[in-house]
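Asker: Dropping the structure in here first, questions after.
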């Protein structure tokens, strides 16, 4: 982790009260303690780590990772590491919950929670979830989770963007500059992620998974979506792709790759509108609607109003037959 990253973590955690030492419960829960020297005060801060059943913890409702997208496959590296080490090495950060149900909510450590839960459910009941309990406000929890996951590749651009969009309104009153200063990022950088979060639902649905949507995709589509005519074409194409992705999820065909999705959306914006084949209208007099002839796929369709008189219809058909003879 970089020095800048460490400094940001210290800023988030600097005002927290020292955790009170806990007494080991009768159920045999193990407690670990770690100490860190506070150089400026010459004091020592005791932090309490606990081994708990992961069932005692739930994800914070504003967690920046989509927990339901975690699987044995995308968490396989972490599962293997925990098995090899014989335990979870780094604690998750949690805070206490009020009310019934789970005792803690997870601020940082969703993948660790999934990995331990999976191991316990798959013949490794000895593994427990290592947590550090903190007293955090919602805004502090958001910043802490962001700092931990900002440089990670296993959280998608879209998950991060959606989290930023929520935080902008919830914690910073819609003030993008204030949020950028608080996170210590540039406004331009933050703006790109907020643009990603604003992608139309039709475009989001065109991807097989939200994990496939990159910040670059939103940047590429932005000028196309800003043009009303191009936007309509992009959204129509997105709806077609989304239908194909839905069929793929049912086992009918393969999912469309992210690069192909983006390519099709871009192509749709610049595609020329298909022109209808020329129509012929046969009528007895200019003021009458007459009979309209259309050709498509080797077939001829004749259309006319129900109110057209028999005489006008006969005259129009005579013209049609004469045209076919010629």
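The values are calculated or read from the model by the stated rules, or taken from the named source; none is laboratory data. In this text, all values refer to a predicted model and were calculated from it rather than measured experimentally. Neighbour counts are summed over all protein chains in view; Cβ atoms, including those assigned to glycine, are modelled from backbone coordinates with ideal geometry.
Asker: Show the residue pairs that are 6+ apart or on different chains and have beta-carbon atoms under 9 Å apart, the first residue being within the range 210-230 and farther than 25 Å from residue 69 by Cβ, the second being not in a helix (DSSP H, G or I).
Answerer: Sorted first by the residue in the range 210-230, then by its partner, the pairs are 225/199; 225/200.
Asker: For the structure I just gave you, tell me whether residue 85 is exposed (fewer than 12 other Cβ atoms within 10 Å of the Cβ), modelled with pLDDT under 95 and under 16 Å from residue 134 (Cβ atoms). If you could, list the steps in order and put the result at the bottom.
Answerer: Details: exposed (fewer than 12 other Cβ atoms within 10 Å of the Cβ): yes; modelled with pLDDT under 95: yes; under 16 Å from residue 134 (Cβ atoms): no.
Answer is no for this residue.
Asker: Right, here's the next one. Mind checking which residues of the range 104-133 are under 25 Å from residue 171 (Cα atoms) and touching a helix residue (DSSP H, G or I) at 6+ places or on another chain (Cβ under 8 Å)?
Answerer: Going residue by residue through the range 104-133, those that are under 25 Å from residue 171 (Cα atoms) are 104-110, 132-133.
Across the range 104-133, the qualifying residues are 104, 106, 107, 108, 110.
Asker: Looking at the range 312-325, can you tell me whether even one residue there is assigned to a loop (DSSP other than H, G, I, E, B) and loosely packed, with under 11 Cβ neighbours inside 10 Å?
Answerer: Residues of the range 312-325 that are assigned to a loop (DSSP other than H, G, I, E, B), as a first pass: none.
No, every residue in the range 312-325 fails to be assigned to a loop (DSSP other than H, G, I, E, B) and loosely packed, with under 11 Cβ neighbours inside 10 Å.
Asker: List the number of the failed condition for residue 186; all other conditions in (1) surrounded by fewer than 14 Cβ atoms within 10 Å (Cβ to Cβ); (2) in contact with a helix residue (DSSP H, G or I) (Cβ under 7 Å, 6 or more places away or on another chain); (3) touching a residue at least 12 places away in the same chain (Cβ under 8 Å) hold.
Answerer: Against the list (1) surrounded by fewer than 14 Cβ atoms within 10 Å (Cβ to Cβ); (2) in contact with a helix residue (DSSP H, G or I) (Cβ under 7 Å, 6 or more places away or on another chain); (3) touching a residue at least 12 places away in the same chain (Cβ under 8 Å), residue 186 comes up short only on (3).
Asker: In this structure, does residue 161 turn out to be surrounded by fewer than 20 Cβ atoms within 10 Å (Cβ to Cβ) and either part of a helix (DSSP H, G or I) or free of Cβ contacts under 8 Å to residues at least 12 places away in the same chain (or both)? Quick ask: steps written out before the conclusion?
Answerer: Values: surrounded by fewer than 20 Cβ atoms within 10 Å (Cβ to Cβ): no; either part of a helix (DSSP H, G or I) or free of Cβ contacts under 8 Å to residues at least 12 places away in the same chain (or both): yes.
In short, no.
Asker: Pick out, from the range 42-123, the strands (runs of 3 or more DSSP E) lying fully within it that include 3 or more residues that are in contact (Cβ under 8 Å) with a residue 60 or more places away in the chain.
Answerer: Values: elements: 43-52, 57-59, 92-96, 104-108.
Because the criterion is at least 3 residues that are in contact (Cβ under 8 Å) with a residue 60 or more places away in the chain, the strands (runs of 3 or more DSSP E) in the range 42-123 that meet it are 43-52.
Asker: If you check 150, 143, which single one turns out to be surrounded by fewer than 19 Cβ atoms within 10 Å (Cβ to Cβ) and under 30 Å from residue 49 (Cβ atoms)? Spell out how you get there, then give the answer.
Answerer: Numbers: 143 fails: surrounded by fewer than 19 Cβ atoms within 10 Å (Cβ to Cβ).
Going through 150, 143 in turn, the sole match is 150.
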